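Just so it is clear, none of the values below were taken in a lab; they were calculated from the coordinates. Computed from a predicted model, the values in this text were never measured in an experiment. Virtual Cβ from ideal backbone geometry, glycine too; neighbours counted across all protein chains shown.
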Amino acid sequence: MDYLVETKAAELRQLEVEINAEIERLEAEISAQAAEMRSRVNARERALQADLVRCVAGNPFYDGTFDPTWRTSVVMDLTAAIDAGRFDRLPILADALEEAGCDDYRILTHCRAETHARGCWVVERVLGKVGSAV
């Protein structure tokens, strides 16, 4: 009987070792996956922050001008709404600017981009808050 108890105890100890090894393996796998996910999230956050900076600052090497004839009533109404926080209207502003004669791909592309913030360089120039240079 003692032999049977000792055998079963040894089997249980071996099973415990195997279970602990599997737990450690799973913990390491989860830890690696979490590190990978943190890395992806951090990269996406940096990309979004860079997009926001580009939205506000624009391209400092771009010396185009904003033609005052593009300031139609539709363009100005849309821009006022955007300035009040309706950033979802920026793609519509791109269409309105095109209809007003704007063919500047930097302005149009920026308006159609996904990320925008208060102080957007296009909105600021349409409203005349900054000089005529874009």
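The residues listed here are Ser39, Ser73; of these, the one that is of a type in the set (S, T, N, Q) and surrounded by 10 or more Cβ atoms within 10 Å (Cβ to Cβ) is Ser39. Here Leu90 meets the list (1) aliphatic (A, V, I, L, M); (2) in contact with a helix residue (DSSP H, G or I) (Cβ under 9 Å, 6 or more places away or on another chain); (3) over 30 Å from Val122 (Cβ atoms) almost entirely, failing just condition (3).
Here's the yes/no breakdown for (1) among the charged types (D, E, K, R); (2) over 30 Å from Arg106 (Cα atoms); (3) in contact (Cβ under 8 Å) with a residue 60 or more places away in the chain:
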{"site": "Glu24", "(1), (2), (3)": "yes, yes, no"}
{"site": "Gln33", "(1), (2), (3)": "no, yes, no"}
{"site": "Asn42", "(1), (2), (3)": "no, no, no"}
{"site": "Glu45", "(1), (2), (3)": "yes, no, no"}
{"site": "Pro60", "(1), (2), (3)": "no, no, no"}
{"site": "Thr65", "(1), (2), (3)": "no, no, yes"}
{"site": "Thr72", "(1), (2), (3)": "no, no, no"}
{"site": "Met76", "(1), (2), (3)": "no, no, no"}
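I'd like to check something: does segment 81-92 contain any residue that is surrounded by fewer than 15 Cβ atoms within 10 Å (Cβ to Cβ) and at positive phi? Within segment 81-92, one or more residues are surrounded by fewer than 15 Cβ atoms within 10 Å (Cβ to Cβ) and at positive phi.
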